[in-house]
Amino acid sequence: TKEIINYCQDHQEIIIRDQLKKEGEEFKKHLKLNNILKELEQKKIDLLIPIIDNNNLIALLFLTEKSSGDIYNDEDIDLFKELRPSIAAAIVKSNLYEKVKELNKELQDKVVDKTKDLKDLNDTLEERNNFLITIQSVINTISQTFNLREATQMIADSIYSQLGYVGGILSFVN
């Protein structure tokens, strides 16, 4: 619950349910701890280990009773204290890996979008280039010949071959 999370963020110590029970009357004065003990008992959690990175709570490790039925002893607690930084580092690295995956996906999507934009632009430029080639051909034809009929036919043929338009009339006005 939020109460456990807040307590673990503030105190950052391993909570042992049996140790809380043994504290008896003095423990009952602390309403928060009493509520936490009740919740641990309801969920049968024997050991609550806050995982801390840079003084921030990033995870909670809940352990139920040992398969042997023994209670958690000082050696167990020391082991978990030693493992906490490694667990925190693994979680942080995992989160960073996920962020890198997300950023990579976003980058790939942007590359796809920009590639499409470039293809569309290239298609537009090809159309314009074909138009300019046709105009250049028309200009070359006009400058190479003075025969109006021949020039008109060459222009029509050029428009057909370069732009794919069929038919059309070209009339010169003096």
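When Q12, Q19 are checked against the criterion of being modelled with pLDDT of 85 or more and polar (S, T, N, Q), a single residue qualifies: Q12. Listed by first and then second residue, the pairs linking a residue in the stretch 72-88 that is of a type in the set (A, V, I, L, M) to a residue that is in a loop (DSSP other than H, G, I, E, B), with Cβ atoms under 8 Å apart and 6 or more places separating them unless they lie on different chains, are I77/I14. Among the residues examined, K105 does not qualify as closer than 26 Å to K2 by Cα and exposed (fewer than 14 other Cβ atoms within 10 Å of the Cβ). Among the candidates L163, L148, L170, L121, the residue that is surrounded by 10 or more Cβ atoms within 10 Å (Cβ to Cβ), modelled with pLDDT under 95, of a type outside the set (V, I, T) and within 44 Å of the chain's Cα centre (by Cα) is uniquely L121.
The values are calculated or read from the model by the stated rules, or taken from the named source; none is laboratory data. Quick caveat, the model's predicted, so the values are computed rather than measured. All Cβ positions, even for glycine, are placed from backbone atoms using ideal geometry, and neighbour counts span all protein chains on display.
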